[in-house]
Amino acid sequence: MLEVLQGLIQQYGQSAVVDNPAVPNQHNEDVKSEVMNGLLGGLSNQAHTQGGLGSLLGLLGGNSGNNQGLMSNPIVGGIAQNVIGNLMEKFGLSNSAAASVVTGMIPSVLGSLISKVNDPDDDSVNTGSVMDVLSGGKTSGIDFSSILSQGAGALADGKLDMNDLVNIAGGLMGGNKQGGGGLGGMLGGLFGGK
């Protein structure tokens, strides 16, 4: 997953950073690294917050057809604001220059990652590998693709939250749907569910 993300950062960093006259050439690689670190850090923080796993899985399982629409997602918007602040502080970029880097990279990188995760013909990355990296290895071996496919028709409120994940995971494992055992209990225990 990290190699895929690094490749996407390099791909979209060309026009957003290297070809951007507002970014001094000596900072090109460091700026791209800062965007990658900010994206990874923000997504990892989301994976470790109460209820954040469901939001993150909802984001990864979403349709990335409109990359710029990703900026309206609260997770992505929060990450973008943090990265803009870091670029201004660390590299002396103006707010507009930092924002142009972020809006030129984060939606495209994340949209491409989401497309790859959801493409059955692309085995370079999947939901499980992304979640394993973001959770620091806590979710290794969990088949998130099955969880998401089971959840697609089971979400009465149209949102994927921790309770939905615990219920779906419990159902997949044939265990207690309230999360007392099996995969549902493990997910609940790892990420603060009930």
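Cβ-Cβ below 7 Å, separation at least six or inter-chain, first residue in the stretch 109-123 and assigned by TED's automatic domain parsing to the domain that holds A16, second of a type in the set (D, E): which pairs?
Close Cβ pairs satisfying both conditions: K116/D122.
Go through (1) buried (at least 21 other Cβ atoms within 10 Å of the Cβ); (2) under 30 Å from S140 (Cα atoms) one by one and return the number of the condition S55 breaks.
Tallying (1) buried (at least 21 other Cβ atoms within 10 Å of the Cβ); (2) under 30 Å from S140 (Cα atoms), S55 fails exactly one: (1).
Within the stretch 86-95, how many residues are farther than 16 Å from E29 by Cβ and either in contact (Cβ under 8 Å) with a residue 12 or more places away in the chain or acidic (D, E) (or both)?
Residues meeting the conditions: 2.
Out of the stretch 124-135, which residues are part of a helix (DSSP H, G or I) and surrounded by fewer than 20 Cβ atoms within 10 Å (Cβ to Cβ)?
Those that are part of a helix (DSSP H, G or I) and surrounded by fewer than 20 Cβ atoms within 10 Å (Cβ to Cβ): G128, S129, D132, V133.
Of everything in the stretch 93-123 that's of a type outside the set (A, V, I, L, M, F, W, C) and over 19 Å from the mean Cα position of the chain (by Cα), which residue is surrounded by the most Cβ atoms within 10 Å (Cβ to Cβ)?
In this case the residue turns out to be S100.
Consider N86 carefully, then state whether it is surrounded by fewer than 20 Cβ atoms within 10 Å (Cβ to Cβ) and in contact with a Ser or Thr (Cβ under 9 Å, 6 or more places away or on another chain).
Taking the combined requirement at face value, the residue does not satisfy it.
The values are calculated or read from the model by the stated rules, or taken from the named source; none is laboratory data. None of these values were measured; they are calculated from a predicted model. Positions of Cβ are backbone-derived with ideal geometry, glycine not excepted, and every protein chain shown enters the neighbour counts.
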